[in-house]
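What follows is a set of notes on a single structure, which appears directly below.
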Amino acid sequence: MGKMRQCSRSGCQRSAVATLTYVYADSTVVLGPLATYAEPHSYDLCALHAERLTAPRGWEVLRLAMPDGPPPPNPDDLLALADAVREAAAEPPEQPSGPGTAQRTTPPPLESPTERGDGPSHATRRGHLRILRD
């Protein structure tokens, strides 16, 4: 299961239950159930902040029906969970041992650019890949 999303309001530590989206072309604020995926141009709100939401002067607030509680488990979700538990409990296949079988070896540690002798020009270069937290 995914991690619970927090309210987008600064300083609020509550779990999000609604998603707020602005429709600038119509001067409308749409508040509805929590979106499946976090979108960059929408805001997740907790129940308290969703209830207290006000729109800018001249804008309309469109409140979509909110569910009373969390959705019931889907049978497909339960089957997927049961399959995952079965796979985890299954014994791993036995590895043949004896002469002529390949043994698993640890790869050598990575070298820094200065150890390879590429010079200082590559030592300070930053890669284009970054690690993002969930």
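The values are calculated or read from the model by the stated rules, or taken from the named source; none is laboratory data. Just so it is clear, the structure is predicted and the values come from calculations on it, not from any experiment. Accessible surface areas use protein heavy atoms only, side chains included; no ligands, DNA or RNA. Shrake-Rupley method; radii C 1.70, N 1.55, O 1.52, S 1.80 Å.
Quick notes
A quick yes/no check of all residues on (1) modelled with pLDDT under 95; (2) more than 25 Å from the chain's Cα centre (by Cα); (3) open to solvent by less than 100 Å² (accessible area, probe 1.4 Å):
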| site | (1), (2), (3) |
| --- | --- |
| C7 | yes, no, yes |
| Q13 | yes, no, no |
| A16 | yes, no, yes |
| Y24 | yes, yes, no |
| L53 | yes, yes, yes |
| P56 | yes, yes, yes |
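- Count of the range 26-36 residues which are outside any strand (DSSP E or B), more than 15 Å from P67 (Cα to Cα) and either hydroxyl-bearing (S, T, Y) or modelled with pLDDT under 90 (or both): 1
- Unmet criterion (only one of (1) under 12 Å from S8 (Cα atoms); (2) in a loop (DSSP other than H, G, I, E, B)) for A55: (1)
- Among residues of the range 37-51, those that are assigned to a helix (DSSP H, G or I), open to solvent by less than 40 Å² (accessible area, probe 1.4 Å) and either modelled with pLDDT under 90 or of a type in the set (A, V, I, L, M, F, W, C) (or both), counted: 1
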